[in-house]
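Q: Input: one structure, supplied below.
The values are calculated or read from the model by the stated rules, or taken from the named source; none is laboratory data. Because the structure is predicted, anything quoted here is derived from the model rather than measured. Ideal geometry is used to build each Cβ from the backbone, glycine not excepted, and the neighbour counts take in all protein chains shown. What goes into the accessible areas is simple: the full protein's heavy atoms, side chains included, and nothing from ligands, DNA or RNA. Shrake-Rupley method; radii C 1.70, N 1.55, O 1.52, S 1.80 Å.
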Amino acid sequence: MTATTTEAGKAPTGHPQRWLILGVICLAQLTVLLDNTVLNVAIPSLTRELDASTTDVQWMINAYSLVQSGLLLTAGSAADRYGRKKMLIAGLALFGIGSLVAGLADSTAQLIAARAGMGVGGALLITTTLAVVVQIFDETERVRAIALWATVNSLGFAVGPLVGGVMLDHFWWGAIFLINIPVAVMGLAAVIALVPESKTKEGDRPDLLGALLSTIGMTGVVYAIISGPEHGWASGHVATSASIGLVVLAWFVFWELRIPYPMLDMRFFRNQRFVGAVAGAVLIAFGMGGSLFLLTQHLQFVLGYGPLEAGLRTAPLALTVVALNVAGVGARLLPKLGTPVTIATGMSMLAAGLAAIALLGGHAYSGMLLGLVVMGAGIALASPAMANAIMSAIPPEKAGVGAGVNGTLGEFGNGLGVATLGAVLNSRFAALVPGAVGAASLPTALAAAHDAEEKRRVAEGFASGLETSQLVGAVAVLAGGLLAALLLRRAERSDAAGA
């Protein structure tokens, strides 16, 4: 890489092997993101073989995303200072080792711990992939490159159930983690051979206390959401967890404002363009992560499909995202429509897709298919626009931190979506079927039913809970999209007035 690319963050023509490098880092990115949703189709297997409750399963999913959320900003800062290639190599190695441990786990506690360990490697990978994209592409090609990167980002979430279904159809549940190992090895070899090193001479020191505070704070808040249906929303257990989480997050903000080398520079939040993109990024991950968590259970528990069949039936979401972004639809529309309109349109389509799944997909797949396609079109429009808005609001020398912010929002939104919509499902299920404990899984509740009529009532209660959860997700996504568009529009007008 030339000195201009390394130090200033851009070059007139970009790196000569930039498209090949993009393919390599997207492979690494895909591997990490698959594990956000690959576990969803294994939920029935885990409830049977590991005797996992709904709360256990949520923690298996959230342990991975919460650790990533807490470490992404520190990982991004470390990549800026010590080298993005080094962080890619370290991340792939740690992710592969964590996958091996997860695949061989024989209890829910071991699997949760292994997933948390995988999150450490994932944090290093997610920050450096987007940072490298910003470094090797010039401004004329960057939007297109980020759109392709965002395609893989969305693909990882959406294809996870399909990959998991294929693996579970032929192997035991541990294989969904062991398949990561050869991919990590291939990615490691390609990164060593192709990806150039880049770093900022005056990088910031890692903010270890900030990472610890953000991880503890978010864990406390999400744990309160997950455990609410089981212990009661007004219980001391939930109130204590939520209070600790909120207090620690407030301490995190106070700490970041006072130290000279913050993990997250709070001055970024004075930029309305940054705040608008932040709001949209969280809500799109919230809707996508939470809906896929619910959707795979709906397909298997309510409609009666097997793991592979359920995975295949979520594929239209991923195929729509890939088809539109590979064709460059989002990258071409963004300059014409502008960032606010593009994000508002995409988020509205995502919300409409969620609503269609809730209202039309309750008893048949046809309505669900319509919702998945509309969701995919919305994601293809909104995701690249939001990633580009976040990265353009942050100086190029802070590319790693910018990527950390973007990744943190996605991971936190995904974890919060799973926790919140899962909590809505459990609460609705417990209200409609008082005999079923909120933390119990549907198979457990069905097994405890005494006759066919009671089993029918349990299944209908679960389906009603799924519908309510999807509608809550749709409202949240729509509100977030409109808020993001409003803030971005105000930022553009402010910039125009200043000019």
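Q: With of a type in the set (Ser, Thr, Tyr) and at pLDDT 75 or above as the only criterion, which of Ser77, Ser53 stands out?
A: Only one candidate qualifies: Ser77.
Q: Quick check on Leu71: is it closer than 18 Å to Ser214 by Cα and open to solvent by 30 Å² or more (accessible area, probe 1.4 Å)?
A: yes
Q: State yes or no: is Leu446 modelled with pLDDT under 80, open to solvent by 20 Å² or more (accessible area, probe 1.4 Å), of a type outside the set (S, T, N, Q) and under 22 Å from Ser291 (Cβ atoms)?
A: no
Q: Tally time: how many residues in segment 279-312 are at pLDDT below 80, closer than 13 Å to Met347 by Cα and hydrophobic (A, V, I, L, M, F, W, C)?
A: Residues flagged as at pLDDT below 80, closer than 13 Å to Met347 by Cα and hydrophobic (A, V, I, L, M, F, W, C) within segment 279-312 amount to 6.
Q: Here's something else I'd like to know. Starting from segment 478-499, take each residue that is open to solvent by 80 Å² or more (accessible area, probe 1.4 Å) and list its partners that are modelled with pLDDT of 80 or more, counting only C-beta distances under 6 angstrom and pairs at least six apart or across chains.
A: Close Cβ pairs (under 6 Å, with a partner that is modelled with pLDDT of 80 or more) amount to Arg489/Pro340.
Q: A follow-up question, please. Within the bounds of segment 397-409, is there any residue that is among the charged types (D, E, K, R) and surrounded by 24 or more Cβ atoms within 10 Å (Cβ to Cβ)?
A: no
Q: Another question, then. Consider Leu324 carefully, then state whether it is open to solvent by 30 Å² or more (accessible area, probe 1.4 Å) and either aromatic (Phe, Trp, Tyr) or in the same structural domain as Ala485 (by the TED database) (or both).
A: Judged against the criteria, Leu324 is a match.
Q: Hey, among Ser214, Ser235, Ser241, which residue is over 30 Å from Ile379 (Cβ atoms) and buried (at least 22 other Cβ atoms within 10 Å of the Cβ)?
A: Ser241
Q: Against the conditions (1) under 30 Å from Glu256 (Cβ atoms); (2) of a type outside the set (Gly, Ala, Ser); (3) modelled with pLDDT of 75 or more, where does Gln58 fall short? Just the number, please.
A: It fails just one condition, (3).
Q: For segment 99-113, give me each residue that is open to solvent by 10 Å² or more (accessible area, probe 1.4 Å) and in a helix (DSSP H, G or I).
A: Correct list: Leu100, Val101, Thr108, Ala109, Gln110, Ile112, Ala113.
Q: Which of the numbered conditions does Pro434 fail, given that it passes all the others? Conditions: (1) part of a helix (DSSP H, G or I); (2) without any contact (Cβ under 8 Å) to a residue 40 or more places away in the chain.
A: With respect to (1) part of a helix (DSSP H, G or I); (2) without any contact (Cβ under 8 Å) to a residue 40 or more places away in the chain, Pro434 is out only on (1).
Q: Let me ask something additional. When you look at Leu125, is it among the aliphatic types (A, V, I, L, M), under 29 Å from Ala310 (Cβ atoms) and open to solvent by 20 Å² or more (accessible area, probe 1.4 Å), yes or no?
A: No.
Q: Check segment 274-285 and report whether any residue there is farther than 22 Å from Glu492 by Cα and either open to solvent by less than 10 Å² (accessible area, probe 1.4 Å) or not in a helix (DSSP H, G or I) (or both).
A: Among the residues of segment 274-285, not one is farther than 22 Å from Glu492 by Cα and either open to solvent by less than 10 Å² (accessible area, probe 1.4 Å) or not in a helix (DSSP H, G or I) (or both), which makes the answer no.
Q: Would you tally the residues in segment 36-54 being in a helix (DSSP H, G or I) and buried (at least 24 other Cβ atoms within 10 Å of the Cβ)?
A: Matching residues across segment 36-54 total 7.
Q: Sticking with this one: Could you check, for segment 417-432, whether at least one of its residues is over 25 Å from Ala242 (Cα atoms), open to solvent by less than 10 Å² (accessible area, probe 1.4 Å) and at pLDDT 75 or above?
A: No.
Q: Moving on to the next point. Going through Gly217, Gly210, Gly164, Gly174 one at a time, which residue ends up being in contact with a Pro (Cβ under 9 Å, 6 or more places away or on another chain) and modelled with pLDDT of 80 or more?
A: Step by step, each of Gly217, Gly210, Gly164, Gly174 is checked, and only Gly210 is in contact with a Pro (Cβ under 9 Å, 6 or more places away or on another chain) and modelled with pLDDT of 80 or more.
Q: Let me ask you something else. Tally time: how many residues in segment 286-316 are under 20 Å from Tyr64 (Cβ atoms) and either open to solvent by 10 Å² or more (accessible area, probe 1.4 Å) or not small (Gly, Ala, Ser) (or both)?
A: Final tally of qualifying residues: 10.
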